[in-house]
Structure formats: C-alpha cells, structure tokens
1. Stick to the Cα atoms of the stretch 257-387, pair each with every other, and give me the Kirkwood hydrodynamic radius in Å at one decimal.
2. What's the extension gain from residue 338 to residue 172 if we count 0.36 nm per residue and subtract their Cα-Cα distance?
3. Could you tell me the calculated FRET efficiency between residue 406 and residue 270, based on Cβ-Cβ distance and R0 = 25 angstrom, to the nearest 0.05?
4. Loop only by DSSP, 14 or fewer other Cβ within 10 Å of the Cβ. Give me the trypsin sites (Lys or Arg not before Pro) in the stretch 113-149 that pass, ordered by residue number.
5. How high is the relative contact order of the stretch 350-441? Use alpha-carbon pairs under 8 Å, at least six apart in sequence, and give a whole percent.
6. To make sure I understand the rule: partners must be lysines, Cα under 22 Å from the Cα of residue 182, and not fewer than 8 residues away in the same chain. Which ones qualify?
7. Please list, ordered by chain and number, the residues whose modelled amide H lies under 5 Å from the amide H of residue 199; skip anything fewer than 5 residues away on the same chain.
8. Pull out a ≥ b ≥ c, the square roots of the eigenvalues of the alpha-carbon gyration tensor of the stretch 362-448, then state rounded if a/c is under 1.5, prolate if not and a/b is larger than b/c, and oblate in the remaining case.
Amino acid sequence: AGSAFGRVVPASLAPPAPLRMRARYPLALLTLVAVALGLALEKEGGDAIQVEERYLLYDAKIGEGFNLQKEIFIRAAWLAESLSNACQKNRNDYAKKPCPNWVVVLPPWCHLAHWRVPRGTKLGWGEFFDLDHMNSGRVTTMEYETYNQHASDTVDVIIHLETFTPDTWTPSHKIIECQDSKKFDSQFESDGGRYIGVYSGYCTHIRAQQAVCLATWGQPSTFLEPIIQESGAVSVLVKNLDHATGPYDANYHTFREKMMFSSTIRAHAEDYIETHLKRPYLGAHVRRSDFASYAHTTTTPSVENVAETIRTLITKHKFRSVFVATDSTAAEKDELRKMVPSIVFMTKDFGHPGLNAVVEQWICTLSNMFVGTRISRFTLNIQEERDLLGIGEELTWNHFCKGLSNQTCYKGNWFREFPSSKRRVTLYDSTVKNIQASARSGRAQDEL
C-alpha cells in the first residue's frame, strides 16, 4: 500500500513485471552497445557474463540555461553512481548475477534560456564536450540519439519531480498523485494506457507505462535511489532533476571535471585569441539584460562603472587588450568601446548561439586575468575552468562591483579546495605557467 508505484498508477494501466534488458533487447545488440561504450564484462568461472545495463535519463525544467544544466548532469551522474554502487554494497543479495551498470543518457540541447533558436533545434553533448573524457571517469554516458536508436522514445518509468517548501531544512520528499499535479498534467497526457510527455526543452516526446510524481526537497540519492530500485526498471526518466539538490563535496569536483570542452571548441577559441588579442589580455564577462533591468539590480554595475573598472585594471596590470563576453545591446557595446578602445568582442559566428557562448567562455578561461559578474553561472563556469587549470584565485575570482570603479569585488570559490584537472593541466601547462609568470613579473615591477 505504501509503494510509490501502487499509489500512482491505476491498476488497469499497470504494466507486466519489469522487463530485464536481456528480455527486451537481443543479446547481440546489448553486446554491441556495451562494446561501443567500452563497458567491461564480468567474469565467472572463466566465462564472460553480460553486464546488465540500465539507463538513467533526466532533464531540467524547460527554459533552464546551459550552465545550470551542466550542474544537473552532476546530480544525474551522482545518482547513477549511487544506483550502481548499491549492488556492490549488497552483493550477497544478487547471488551470482553481475551488478547492473547505470548509464547516464545525456539529454539533447534544444530550447534553452538565452539561445533564442527555433523550437526543435537540437545539439548533442559532443558538440560542446569531450565525450571520451566524460566517459573516462566513474560513470558511463550515452547521447540520447544513441539510446533512441536502440530503445526508441520509451522508458519503463517516468519520475516527475516538483518542489515543495519543507518545515525544516532536512531533505525530504512526498509522493503525490500524478492526477493531482497541475505541473504533471501540463507536460504529460495518457496515450492508450501509456504516458507521453515532452522531454528536454521540447526536443522530443518520451513514452512510459508507469509514472511516479514526487514533491521533493533534498539530494536525489536520498529518495530517488530506493524508488528506482523498487521499480525494477531498466530505463528511467527523472523529469525536472533540477528540483533535487546536488552534491556539495568532492563528488561535485569529480563530475564537474569531466565536462571539458571539446577540442573543436577549444581550437576555435585559441584561434580567436591568436588573431584578435594580444597578451597579456584581460578576460571579462559583463552580464546585462535581465540582471541590469530587474533580476539583480543591486549588484549589477552600470556600463560606465564597468568601463572605469576595466581602465583601472589595464593601468594596474598593463594589459594590451581586453576580451569582453557579454549579452549587452549593440548600443551598450558601442558605449563600452568608446570608453575603452582596446575592448574586443566576439564577432565570429560559429553557427549556433550556444557554440558562440562556450567559445567565449574558453577565451575568458585562458585570459591572463578574469573579472566577471556576480551571481552569474556563466561567470562561475569560467572561474571553475580556471581553477581546474590551476591558474590561481587572485587572477580568477574577481567581480565587477556596483558603485566601485577603482577595485573589483573578490568572492572566493564556494569550494575553496577545488583541485586542478590532470587532463587540463597536461594540455595547457605551458599556457598556465606563462600566465602566472606574467602576473609575478607585474607584481615585481609594482614593488620597484
């Protein structure tokens, strides 16, 4: 009676006993998928045993921005690892069966805040990130298009999340009837005994025979892991995973490090640096639009304030050029350039606003010094990338201050012990050393 699945799904719609992967897909196909993903086969008595694969799909509420959705991946990866590890912790319960491996299915990038692209425009994670590096860690990932080729647009179970305000800060959740959830009704409908609903920013539709609705407050493994295990499902879509909090410890660092921009993105940025900027250069992120008009008016400086701060930094650090990533209007850009002629904006179009944005982020990442906009996740992701390179806090964690033109606001990393990335350091060791040497030289001259 207390089961999430017994309470939510009418008996007339309940599916048969959960299908296992071997029953659903031919063994030969599963083997090909496993080989394609580089998955190991467990050995027993000298014979290979096919590892049972299970699939965790997820998305964020429609309209969430790119940089927030990167954080949602961390939550999904953390949950998938917890699900896989649960078997290892209770190995005796599985007898001789191999432990299942939970694969994170990466939702396509479609309708996002700030991109303003036609609905249905779709990009995979490989357009932005180094997928080999993403799969070199503690969890396995798969593009949705690959999943779709083998399983079509279906999952066993949809778990729909929405937020509630608890009486205390203690993580908690409560199961609610899906038919009583207006948010669920706005995204899903019944289709011949199955549920069908939108997925990942209007990218496509997902179908399932079971649905569970949860009002949540807390970390996903706390409440999702037992519900998913109880379902016995091979494939699960956690809808609106942004409604669950993420890890705020070393797990964040581990999964964040795996999201390294692709070699193509990095090459575009480095070519732009070579052809448009002169070192040492200052990188800046100037967020305007909603920040300046209503969202964060108390912390967002004026264009004049930004220009004066940049001039101060140029004078102090002898920067030869300045790259500014911004969502400013054309008029605001003209105003900035009149006040600071050495400012360079992005003028090249890489075919999609999302690609343009991450190229700008990498240009700022490789700058000799960076100053950003407080509260902005675009700024935060640049700062995290610089930490992963080991550039240093003094050259990274600086923000424009409203009302203060002769200094920047320093706000340290919310994870002060953010470790550097061996992969990034290997690739960019000489660049980082040159940035640090330039900073030391500047300080030495100031002391003379």
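Values in this text are rule-based calculations from the coordinates and carry no lab data. Since we're looking at a predicted model, the values are computed, not measured. Counting neighbours? That spans all protein chains shown, and the Cβs are built from the backbone with ideal geometry, glycine included.
1. Details: mean 1/r = 0.0667 Å⁻¹.
Roughly 15.0 Å, rounded to one decimal.
2. On the way: separation 166, 0.36 × 166 = 59.76 nm, distance 5.35 nm.
Taking residue 338 through residue 172 to full extension adds about 54.4 nm, to one decimal.
3. With R0 = 25 Å, the Cβ-Cβ based efficiency is 0.15.
4. Answer in residue order: 116, 119, 138.
5. Working: 88 pairs, mean separation 26.2, N = 92.
Value for the stretch 350-441: 28 percent.
6. Cα-Cα hits under 22 Å: 61, 174, 239.
7. Under 5 Å from the amide H of residue 199: 204, 206.
8. Taking the square roots of the gyration eigenvalues as a ≥ b ≥ c, the stretch 362-448 is oblate.
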